[in-house]
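For reference, the structure discussed in these notes is given below.
The values are calculated or read from the model by the stated rules, or taken from the named source; none is laboratory data. Quantities reported herein were computed from a predicted structural model and do not represent experimental measurements. Note: ideal-geometry Cβ built from the backbone for every residue, glycine included; neighbour counts use all protein chains shown. We work out accessible area using only protein heavy atoms, side chains counted, and drop any ligands, DNA or RNA first. Shrake-Rupley method; radii C 1.70, N 1.55, O 1.52, S 1.80 Å.
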Amino acid sequence: MRPWLMLISALVIMSCGKTSSSDNTASTQQSATKVTYTESTTDFPNPERGFYRYSETTVDNYDPLDAQTLAGFRAGQSVSGTVYNVLSTLVFRYFILDGYTGKALPASFLTNITKDCATARAAGFKLIPRFTYTVSVTAGSCPEQFICTPYGDAPKSIVLNHISQLKPVLQANADVIACVQLGFIGTWGENYYTDYFGDASSNGQKLLYDNNWNDRAEVLKAMLDALPADRMVQVRYPQIKQRFVYGVNAPASSAALTQDEAALGTDKARIGFHNDCFLASANDYGTYADYGNSSSSPKEATTAFRNYYSMDSKYVVVGGETCSDEYSPQNDCEPAGHAEQEFGDMHYSFLNADYNPDVNNDWQTGGCLDNIKRKLGYRLVLKDASFQQGDSLSVLIHLQNTGYAAPYNPRPVQLLLRNTATKQVYPYTFNTEIRKWLTGAVTLQQSFVLPPAGTYDLLLNLPDKYTSLNTKPLYSVRLANENVWEETTGYNKLNYAITVK
């Protein structure tokens, strides 16, 4: 028996430029064959990106996710109050902890979250959870008028206890969690109107003291620790991340995450952003504001925070929603506005399909919504591929990410060799980090040991990282090309075959 027959299960991925001495491969080097691909302009669902759909529930009156509703979201539905429809693979999930500002969460609530995750898993969806104690406001004669104290959130001790309760559920269901928003603090979980963490509004102290920053950092650290290292937490304002990473005196000019620091699983690499007032004002209603500290009053820092956000967001998850149409024409389509430019500059992966309809409708009537649908997050296009067969298989693939952002969660990138007769698949993993596939050109170049004799179709596979999902086609990335997608397998055909003798 030849030695390679005993070693098939241990096929080794070879680094670029190296060859194999296996005696089952061709003994002469063949000339390279180049295949070109046609880009598709079709809008189609892909994991962890695009327009998300909104949902909410309370603890005691739990409204579970519905499988039929999710199937409709994925197939494409009109959005209430709007003039457009969207395809979705993400659901934003508000968990409103109303009535639990002074006591533990019931076991039934944790069970219900687990059931929601099972529903999402079966439907090919991922969740963006946010936990908050209140989404209601009380108007009055206070300085802010539309919202007055008490706001109704919970003290830090309760928040930390609730995160501790939620941790096992979040860990067990991380496969169907796209990311988690920090939440907990303040009305809507937006870290602003709060009874316990420093009220920076005109109703309160108008800034945040050092102890307020430290308390918020403690909650953020607890949320990061409640998730696996491959999942991110989004914060509402860039200054929250800066002062978590660099301390309460961190200036707005603090250094952004670098390419070398990205995708390492550190806290710095796992904090992203949700801007819930996209292009709503010059500083997006306080998104890019400085909130001061015990030794420094708030200063104008919009430009510095925007620069930081733009650089840092290359390697972390960004999403949010529109909230006001008053900042028009700036929030309109180009050339009158700069909506698409802003999405690209800030590397948006997802956006609320349901709110604010006034802003989103303008994109439909202005003619740029179709582009936004396609480009939120990643959009990967095969340009060409070259294959050269000798003692090994050398592969060179050129892709283009035409989306606004790189994928933000890890996933393998695999070359598959599928035997045309037996259909047995031999997977090889490229040495690449998909979370660094920024907008622009992407190159894969590597050589692989050849499988046993036979004829093989070549395919590219970008499945989910988690074993619970990595054989489910709904969780695999579809490339934006004509005649490459296999819906039943989730593979992308490279439209090339090799014969090993």
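Structure above, values below:
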item	result
Enumeration of residues in region 109-125 that are out of contact with any Asp or Glu (no Cβ under 9 Å at 6 or more places or on another chain) and hydroxyl-bearing (S, T, Y)	T111, T114
From the options Y466, Y428, Y496, Y456, residue that is out of contact with any Pro (no Cβ under 7 Å at 6 or more places or on another chain), modelled with pLDDT of 95 or more and closer than 28 Å to R74 by Cβ	Y466
Selection count where residues are open to solvent by less than 10 Å² (accessible area, probe 1.4 Å) and assigned to a loop (DSSP other than H, G, I, E, B), scope region 409-420	2
Any hit, region 379-390, residues being open to solvent by 10 Å² or more (accessible area, probe 1.4 Å), at pLDDT 95 or above and closer than 25 Å to A269 by Cα	yes
Criterion: open to solvent by less than 30 Å² (accessible area, probe 1.4 Å) and either at pLDDT 95 or above or of a type in the set (K, R) (or both) - qualifying residue of Y327, Y308	Y308
Pairs where the first residue, in region 466-487, is outside the structural domain of N401 (by the TED database) and the second is part of a loop (DSSP other than H, G, I, E, B) and open to solvent by less than 40 Å² (accessible area, probe 1.4 Å), C-beta under 7 Å, 6+ apart	none
Given (1) without any contact (Cβ under 8 Å) to a residue 60 or more places away in the chain; (2) assigned to a loop (DSSP other than H, G, I, E, B); (3) loosely packed, with under 15 Cβ neighbours inside 10 Å, number of the condition D284 does not satisfy	(3)
Subset of region 55-83 (residues that are within 13 Å of F125 (Cβ to Cβ) and either open to solvent by 30 Å² or more (accessible area, probe 1.4 Å) or touching a residue at least 24 places away in the same chain (Cβ under 8 Å) (or both))	S55, L65, D66, A67, Q68, T69, L70, A71, F73, R74, A75
Selection within region 349-376 - part of a loop (DSSP other than H, G, I, E, B) and in contact (Cβ under 8 Å) with a residue 60 or more places away in the chain	S349, A353, D354, Y355, L376
Residues located in region 139-150, provided they are touching a residue at least 60 places away in the same chain (Cβ under 8 Å) and among the hydrophobic types (A, V, I, L, M, F, W, C)	C142
Cβ pairs under 6 Å, 6+ apart, first in region 423-436 and outside the structural domain of L264 (by the TED database), second basic (K, R) and open to solvent by less than 50 Å² (accessible area, probe 1.4 Å)	V425/R418; I434/R411
Among the candidates Y196, Y209, residue that is of a type in the set (F, W, Y), open to solvent by 30 Å² or more (accessible area, probe 1.4 Å) and either touching a helix residue (DSSP H, G or I) at 6+ places or on another chain (Cβ under 8 Å) or closer than 13 Å to Y133 by Cα (or both)	Y196
Any hit, region 422-440, residues being open to solvent by less than 10 Å² (accessible area, probe 1.4 Å), in contact with a His (Cβ under 6 Å, 6 or more places away or on another chain), closer than 27 Å to P228 by Cβ and among the aliphatic types (A, V, I, L, M)	no
Scan of region 344-371 for residues that are hydrophobic (A, V, I, L, M, F, W, C), in contact with a strand residue (DSSP E or B) (Cβ under 8 Å, 6 or more places away or on another chain) and closer than 27 Å to A441 by Cα, ordered by number	M346, F350, L351
Test for G99: is it under 30 Å from I434 (Cβ atoms), without any contact (Cβ under 8 Å) to a residue 60 or more places away in the chain and out of contact with any His (no Cβ under 6 Å at 6 or more places or on another chain)	no
Filter pass, S141 being open to solvent by 10 Å² or more (accessible area, probe 1.4 Å), assigned by the TED database to the domain that holds G292, part of a loop (DSSP other than H, G, I, E, B) and among the small types (G, A, S)	yes
Pair list, Cβ < 6 Å and 6+ apart or interchain, from region 109-138 residues that are among the small types (G, A, S) to residues that are open to solvent by less than 30 Å² (accessible area, probe 1.4 Å)	A120/L127; A120/V176; A123/L70
S447 being farther than 30 Å from F343 by Cβ, in contact (Cβ under 8 Å) with a residue 60 or more places away in the chain, open to solvent by less than 20 Å² (accessible area, probe 1.4 Å) and among the polar types (S, T, N, Q)	yes
Number of the condition not met by K221 [criteria: (1) over 30 Å from R411 (Cβ atoms); (2) open to solvent by 40 Å² or more (accessible area, probe 1.4 Å)]	(1)
Which numbered condition C117 fails, given (1) more than 20 Å from the chain's Cα centre (by Cα); (2) open to solvent by less than 10 Å² (accessible area, probe 1.4 Å)	(1)
Residue that is surrounded by the most Cβ atoms within 10 Å (Cβ to Cβ) [pool: residues in region 461-501 that are aromatic (F, W, Y) and over 22 Å from R231 (Cα atoms)]	Y491
Region 233-248, subset without any contact (Cβ under 8 Å) to a residue 40 or more places away in the chain and assigned to a loop (DSSP other than H, G, I, E, B), residue most open to solvent (accessible area, probe 1.4 Å)	Y246
